[in-house]
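Just below is one structure, and these are the notes that go with it.
Values quoted throughout were computed directly from the atomic coordinates according to the rules given, and no laboratory measurement underlies them. Quantities reported herein were computed from a predicted structural model and do not represent experimental measurements. Here the Cβ is made from the backbone with ideal geometry for all residues, glycine too, and neighbour counts use every protein chain on show.
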Amino acid sequence: MKDAWSSDEVRKAEEPLIAAGEPLMARAAYALAQTVLREVGARPADGRAPGYRPGRPSGTRLRGSLGSDGLPGRARARARRMAGSRGDVRGAQALLLVGPGNNGGDTLFAGAHLARRGMRVTAVLASTRAHEDGLAAFRVAGGKVLTLADIRVPSVVRSALESDVILDGLVGVGARGALRPPAGGLVRTLAEARETAGERWPYTVAVDIPSGIGVDDGVVLGPVLPADRTVTFGALKPGLLLPPAAHLAGEVELIDVGFPPVSGSEGWGAIWGVTTGRHAMAGTDPAAGRVRRVEPADVAALWPTPSPHDHKYTRGVVGVIAGTTTYPGAAVLATSGAVLAGPGMVRYLGPEAVGSRVLLERPEVVVTGGRVQSWVLGPGVPAVDPEAGPDGDGQARRIFGALAAVTGVLSEDVTGGKMPAVIDAGALTMLEHRLPAWAVLTPHAGELAELLQGLGHDVDRAAVEAQPLHWVRTAHQATGATVLLKGAITVVAGPGDAYAQADAPAWTATAGAGDVLAGILGTLLAGRSADVVEDETLAARLAAVAVLVHGRAAARASAGGPVAALEIARAVPAVVAELLRD
Ligand SMILES: NC(=O)C1=CN([C@@H]2O[C@H](COP(=O)(O)OP(=O)(O)OC[C@H]3O[C@@H](n4cnc5c(N)ncnc54)[C@H](O)[C@@H]3O)[C@@H](O)[C@H]2O)[C@@H](O)CC1
Ligand SMILES: Nc1ncnc2c1ncn2[C@@H]1O[C@H](COP(=O)(O)OP(=O)(O)O)[C@@H](O)[C@H]1O
Ligand SMILES: [K+]
């Protein structure tokens, strides 16, 4: 599990370490410089750093821990390797964008390392203030210092285009709001120049965060220079995991500067004396949990893996109400996703003609009613038209019945107990009662905007995409349900922690992929139905696991090319097997 720390949390972690005289900035700057030396040293003969591809997906890679001398272990090993190819970086050019705070300080100290290794390094100070010791060290090492006030933006752009690498050290966790002038104007112009330059633009490294992103909520309120790599210190920040900001961070490299290790809420509680697992944090709601990302290594502990004592009914039965005679494909895709994620059984409820098509693809599906341990409601079922009333071959009527069980309107004697559910597509327009956290809404941005409009919020698709965490949390609070907002980075929030998953290739944006996801999640909820009802934070975690498995299945089926939704479902068993084995 990857955990992001809010800017306040980072400060609280730094305070005692700084008070104890730990050289945090020296470690940060050293590791940053090693990264730059590695990237510049590996550049091809044409002078461009490798790996720059506009729009390539972001990922997160963790660095090694600190060595006994307080320096990051792997970075040290790299430094020795670099010594053999020292000439590689000599004469290469670096441009530093330097702000007034410690983020600028990190950048100046890193620039001093680069200059000592023979690089030609220029720092552009965006403010009248700069980190004094950093500036002194940079000057002593032979770095050239310019101020934005003296040289003006067009000359910085020219200098950028002549450089091999740019370091963005304007603001870090001390940032508040969009970048203000003159830094804002500089970054806007550089971002435009990058668009024009394409592949000719130098390798760009963001120091701690890309300056201008919302550190704690991932919003992008103004200009940001997209980075190829972000070297972040101590802990990940929510804005490096959350859309839209995470799309601007490139590859994220986490440098251990000596913060205490944290794994999950327990470790966190131990550090801060918090025992509830809930804590003031990132994002917009101080009562909400942290921002996290489920990783492949987390899946085995959460996946409902059968034991020798199980039979099909103990493993969980998924009930799918999806598809109509007009949209039969969604029924095939949702049941396929459910079956191939490995439940005890899948029941399908719907028009006979659709059931027959489901059976052609998946003969394992049972097309009669009966007890289920989770519902998958709505894929391929049209939105309810208030004028015309329920329709869709009786699917809306069936969904209203299932929702009555999920919301607790029907007595448990009738329903057989509390019932988790995936509520997708047309079923999102049929919500009449408050939902439990073990009901998971799975809208895309347009559907979430419509849902929120129905709840009285003035919001459209673009607004949801601009502030996904905020609106997902708002929808959770308004409905009670766990909410999963689908996208290139899928955001999930329920009671407690939120999750931001970036597992799928862009080819996944294809009709029917969401239906498969609904089926996979249905199987997870059925397999762990008792647990999700017991622990109201579990549905969000399982939803994040479903997104991870779905994304990896899409990547496997795509193999870098186009992918059809049914092929995503077909790739699920191999992906799950691999995740359970590792
Ligand atoms: N505290 C420490 O010892 C360490 C801090 N570290 C670095 O220090 C950074 C935090 O440093 P600071 O707290 O000094 O803050 P920053 O350097 O992130 O930024 C604060 C400065 O930027 C200005 N600023 C804030 N918002 C702005 C905006 N929207 N537009 C333009 N200017 C804006 C502020 O007026 C202030 O002068 C981290 O991100 C990290 O890079 C690292 O060196 C690790 C150790
Ligand atoms: N740019 C993208 N990159 C990766 N995955 C994406 C992207 N856009 C959408 N997705 C994923 O594709 C799926 C599309 O689902 P959805 O919009 O519900 O389509 P449908 O209703 O046709 O099944 C979701 O899992 C979503 O997270
Ligand atoms: K920065």
Exercise for review: Compute log10 of I(q)/I(0) for region 281-373 with the Debye formula, placing one identical point scatterer on every Cα and leaving out solvent, at q = 0.22, 0.23, 0.24 Å⁻¹, to two decimals.
Suggested key: -0.99, -1.04, -1.11
Review point. Which three semi-axes in whole Å describe the equivalent ellipsoid of region 433-582, each the square root of 5 times a Cα gyration tensor eigenvalue, listed largest first?
Key: 25, 19, 11
Point to revise | Those lysines that a straight Cα-Cα span of less than 23 Å connects to K12, excepting residues fewer than 8 apart in one chain | key: K2, K237
**Study point:** Euclidean distance of C-alpha centroids, region 110-149 and region 343-359, integer Å
**Key:** 67
Check your understanding: What is the Rg over Rh value, at two decimals, for region 160-239, using alpha-carbon atoms and the Kirkwood definition of Rh?
Key -> 0.95
Review point. In region 409-466, what GluC sites (Glu not before Pro) fall in a loop by DSSP, with at most 11 other Cβ atoms inside 10 Å?
Key: E432
Review point. Given the rule -39500 (n - 2.57) for each run of at least 4 DSSP H residues, summed and divided by the residues of the chain, what is its mean residue ellipticity at 222 nm, to the nearest 500 deg cm²/dmol?
Key: -12500 deg cm²/dmol
Exercise for review: Could you work out how far the C-alpha centroid of region 190-266 sits from that of region 540-563, in angstrom?
Suggested key: 24
**Study point:** Nearest 10 degrees, 0 to 90: helix 183-197 Cα axis against the chain principal axis
**Key:** 80
Practice item. Can you tell me the equivalent ellipsoid semi-axes for region 296-581? Use √(5λ) from the Cα gyration tensor, largest first, whole Å. Key: 24, 22, 20
Revision key, fill the gap. Averaging 1/r across every pair of distinct alpha carbons in the chain and inverting yields a Kirkwood hydrodynamic radius, in angstrom, of 25.2
Point to revise | Relative counts (whole %) of C-alpha pair distances in region 432-477, using bins that are 5 Å wide | key: 5, 22, 36, 23, 10, 3
Practice item. Provide the gained length on full extension for the span R434 to A297, in nm with one decimal, where the gain is 0.36 nm per separating residue minus the Cα-Cα distance. Key: 45.9 nm
Review point. Roughly how tilted is helix 395-407, in degrees to the nearest 10 and between 0 and 90, from the longest Cα axis of the chain?
Key: 70
Study note, to complete from the structure: For the chain, the dipole about the Cα centre with charges only on Cβ (Lys and Arg +1, Asp and Glu -1), to the nearest 20 debye, works out at 2120
Practice item. Report the local net charge at V563: Lys and Arg +1, Asp and Glu -1, summed over other residues whose C-beta lies under 13 Å from its C-beta. Key: +2
Review point. What lysines sit close enough to K312 to cross-link, taking a C-alpha to C-alpha distance under 21 Å and skipping anything fewer than 8 places away on the same chain?
Key: K418
Check your understanding: Between the helical axis of 468-479 and the dominant principal axis of the chain, each derived from Cα atoms, what acute angle in degrees is found, rounded to the nearest 10?
Key -> 30
Point to revise | Sequence ranges 417-427, 245-255, ranked by mean other-Cβ count within 10 angstrom, highest first | key: 417-427, 245-255
